[in-house]
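Down below is the structure, laid out as structure tokens.
Derivation of every value follows stated rules applied to the coordinates shown; laboratory data play no part. Because the structure is predicted, anything quoted here is derived from the model rather than measured. Here the Cβ positions follow ideal geometry from the backbone for every residue, glycine too, while neighbour counts run over all protein chains shown.
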Amino acid sequence: MSKTYYDPADLRKFGNISEWNEELGAKFFDYYGKVFEEGALSAREKSLIALAVSHVVQCPYCIDAYTKDGLQRGIEKEEMMEAVHVGAAIKSGATLVHGVQMMNKYEKLSM
Amino acid sequence: MALLKSLAARKDDLSSPANQLEFLSNGVFKKGKLPLFKDKIAQTNHFPLKPKKLEILQLNLGYMCNQVCSHCHVDAGPDRKEIMTKETMLQCLEVIRTTGAHTLDLTGGAPEMNPNFRWFVEEASKAGIKDFIVRSNLTIILANKKYHDLPEFFKKHKVHVVSSLPFYKRDKTDKQRGDGVFDKSIKALQMLNAVGYSQEGTGLKLDLVYNPSGAFLPTDQNLLENDFKVALKEDFNIDFNNLFAITNLPISRFLEYLIASENYEDYMYALVDAYNPTAVENVMCTNTISISWDGWLYDCDFNQMLELKVASKVKHISQYNEDLLNDRDIIISQHCYGCTAGAGSSCQGSVA
């Protein structure tokens with residue numbers, strides 16, 4: 001069996017992090033559960049945000065989890081891909097906006 | 001997509017209920033990674049699982065169907081020839097006239113394909129059962145001219161129609177149920193609406209059944225119902241009463257799909273993780289008797305497909321005795337996790 005840093009089966013063990021610090025683990029999972037409840041945003045909207053963020057932070061566990069969550073909620077693939085593009089646009093925009101810094105520095109250093 | 005053949009016609013190993021049950025007791029369950037269903041319900045003091053008051057008699061009129069859905073737990077299709085005979089129907093009518101159950105639920109395959117279907121509905125509707133359900137796959141109404149008047153026939157006998165529609169969009173529905181199924185289903189729903197189904201003041205009920213088109217569990221039934229209602233009304237001017245969200249159980253063709261797509265283990269983990277003791281209190285085997293095309297009695301339709309006959313002296317419709325049946329232990333295996341996950345699942349949708 002090939003060794004990899006990421007094992008899809010590890011996602012099921014996420015809850016085990018509480019075994020080594022019960023108090024902080026419990027606080028985190030309580031907070032996590034609360035965040036995804038229906039609120040000013042619907043649980044459906046939150047699922048799409050989570051999917052986009054999962055891609056930006058490049059978390060394979062989160063991508064698996066929120067693709068499945070989206071399917072369960074009846075979110076369609078076109079909606080999922082648009083969400084991923086929103087994340088990608090922000091990430092690429094964040095790179096490109098630094099181009100202004102590059103331009104500023106260039107101008108400053110140039111005669 | 002070409003019409004599939006049933007597992008039975010393909011002589012697939014999984015067409016054998018014994019092989020399915022063996023598979024479901026091995027792997028992650030054999031290694032102790034996941035608890036057996038028996039042990040899981042024992043932890044919440046639900047073992048042995050016992051029936052409550054009988055409410056629903058579910059009759060399977062045959063495994064023949066005009067569709068070959070990829071998730072079908074019946075392994076139904078045009079190549080299945082198992083059909084309830086008139087003799088067995090007469091035995092069922094005797095029971096229907098005396099039962100304490102308030103609901104009669106006809107299923108299949110496509111129950112309408114049984115040559116004695118209309119005669120049986122006419123006779124059974126005279127018995128004064130409160131809720132008379134026919135589970136229609138919708139496309140049968142358009143499959144042949146002889147079925148075109150089914151909406152009128154259902155209306156005449158005040159049948160409560162329960163129909164499968166996996167999604168309100170074409171791609172997911174056709175992937176699961178076959179090319180063209182969505183368009184035909186929409187047309188059939190419009191025909192049912194046109195004769196008065198789900199229209200105010202008619203008393204004619206039309207419910208839909210949603211089941212996930214893949215290796216995932218259904219979400220909240222009320223949220224799904226709302227999505228279906230908005231989409232079907234906006235896109236096709238269709239009305240319906242309620243949506244039942246049903247979990248796919250890991251048996252028959254859905255089990256085949258889970259194994260082939262390498263989703264089986266994850267799916268079983270998902271079912272076990274979502275185990276809900278409240279759902280156990282109301283699983284359908286506690287208020288239902290399922291009767292097969294050849295008259296054998298089962299705790300539910302899934303146990304019927306796994307050939308797990310009731311654990312009672314009374315095993316056949318010819319010996320039917322409600323008091324004796326109500327004293328039985330319900331037969332369980334790992335497939336039962338499908339009915340206890342999340343909000344639970346039954347032929348009437350969520351149970352918790």
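Tell me the relative contact order for chain B as a rounded percent, counting alpha carbon contacts under 8 Å between residues six or more apart. Please list the in-between numbers first.
Values: 684 pairs, mean separation 78.8, N = 352.
Relative contact order here is 22 percent.
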Which whole-number value in Å³ per residue fits the convex hull of the alpha carbons of segment A:41-109? 81 Å³
Which whole-Hz couplings ³J(HN,Hα) result when phi for each residue of segment B:183-196 is put into the Karplus expression 6.51 cos²θ - 1.76 cosθ + 1.60, θ = phi - 60°, listed in order with x for Gly and Pro? 4, 5, 5, 4, 4, 5, 5, 5, 5, 5, 4, 5, 8, x
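Loop only per DSSP, at most 13 neighbouring Cβ atoms within 10 Å: give me the GluC sites (Glu not before Pro) in segment A:4-111, ordered by residue number.
Values: sites: A:19, A:22, A:23, A:37, A:38, A:45, A:76, A:78, A:79, A:82, A:107; in loops: A:37, A:38, A:76.
Loop-located and lightly packed - A:37, A:38.
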How do B:177, A:73, A:12 rank when sorted from fewest to most other Cβ atoms within 10 Å of their own Cβ? A:12, A:73, B:177
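How big is the charge dipole of segment B:13-340 about its Cα centre, in debye rounded to the nearest 20, if each Lys and Arg gets +1 on its Cβ and each Asp and Glu gets -1 on its Cβ? Please list the in-between numbers first.
Details: 36 positive and 42 negative charges, 91 e Å.
The dipole of segment B:13-340 has a size of about 440 debye.
Looking only at other chains, what is the average number of their beta-carbon atoms within 10 angstrom of each beta-carbon in B:215-224? Display every interim value, and only then the final one.
Values: counts 2, 7, 3, 3, 10, 4, 0, 0, 6, 3.
That average works out to 4.
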Net charge contributed by nearby residues that have their C-beta within less than 13 Å of residue B:116 (K/R +1, D/E -1): -2
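Mean residue ellipticity at 222 nm from the helices of chain B, using -39,500 (n - 2.57) per DSSP H segment of n ≥ 4 over the full residue count, to the nearest 500 deg cm²/dmol?
Values: 15 runs with 124 residues, N = 352.
Result for chain B: -9500 deg cm²/dmol, rounded to the nearest 500.
Kindly rank B:130-143, B:232-245 from highest to lowest mean number of other beta carbons found within 10 Å of each residue. Don't jump to the answer; show the numbers that get you there.
Values: B:130-143: 21.4, B:232-245: 17.4.
Ranking the peptides B:130-143, B:232-245 by packing returns B:130-143, B:232-245.
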Mean separation of Cα contacts under 8 Å (6+ apart) over length of segment A:41-109, as relative contact order %: 34 percent
Estimated vicinal HN-Hα couplings, Hz - segment B:202-209 in sequence order (Karplus 6.51, -1.76, 1.60; Gly, Pro = x): 8, x, 8, 9, 10, 10, 10, 10
Here the net charge surrounding residue B:352, from other residues whose Cβ is less than 14 Å away from its Cβ (Lys, Arg +1; Asp, Glu -1), is -2
In whole Hz, what ³J(HN,Hα) sequence does segment B:73-88 give by Karplus (6.51, -1.76, 1.60; θ = phi - 60°), x for Gly and Pro? 7, 8, 6, 7, x, x, 8, 8, 9, 6, 9, 5, 7, 5, 4, 5
Taking placed amide H atoms and a strict 5 Å upper bound, the residues 5 or more places from residue B:244 or on another chain that come that close are B:208, B:209, B:210
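Explain nothing, just the number: dipole magnitude of the protein assembly as shown about its Cα centre with +1 on each Lys and Arg Cβ and -1 on each Asp and Glu Cβ, in debye rounded to the nearest 20.
Values: 52 positive and 59 negative charges, 108 e Å.
So the magnitude is around 520 debye.
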Net charge near residue B:309, counting Lys/Arg +1 and Asp/Glu -1 over other residues with Cβ under 14 Å of its Cβ? -2
Angle check, please: helix A:77-109 long axis (alpha carbons) against the longest principal axis of chain A (alpha carbons), in degrees 0 to 90, nearest 10. 30 degrees
Using DSSP to call loops (not H, G, I, E or B), can you name the chymotrypsin sites (Phe, Trp or Tyr not before Pro) in segment A:15-111 whose Cβ has at most 15 other Cβ atoms within 10 angstrom? A:20, A:36
Please give the helix A:60-72 orientation as an angle from the longest Cα principal axis of chain A, in degrees from 0 to 90, rounded to the nearest 10. 70 degrees
Rounded to the nearest 500 deg cm²/dmol, what is the calculated helix-only ellipticity per residue at 222 nm for chain A, with -39500 (n - 2.57) per DSSP H run of length n ≥ 4? -22500 deg cm²/dmol
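Among the GluC sites (Glu not before Pro) within segment B:272-350, which fall in a DSSP loop and have no more than 16 other Cβ atoms within 10 Å of their own Cβ? List each step's numbers first, then the result.
Working: sites: B:281, B:307, B:322; in loops: B:307.
Counting only loop positions with at most 16 other Cβ atoms within 10 Å, the GluC sites (Glu not before Pro) in segment B:272-350 are B:307.
Two decimals is fine: what's Rg over Rh for segment B:13-340, C-alpha atoms, Kirkwood radius as Rh? Numbers along the way, then the final one.
On the way: Rg = 19.3 Å, Rh = 20.4 Å.
When Rh is taken as the Kirkwood radius, the ratio is 0.95.
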Return the whole-Å distance between the Cα centroid of segment A:31-106 and the Cα centroid of segment B:4-72. 38 Å
Inter-chain shielding of A:72-79 (mean C-beta neighbours from other protein chains, 10 Å cut-off): 5
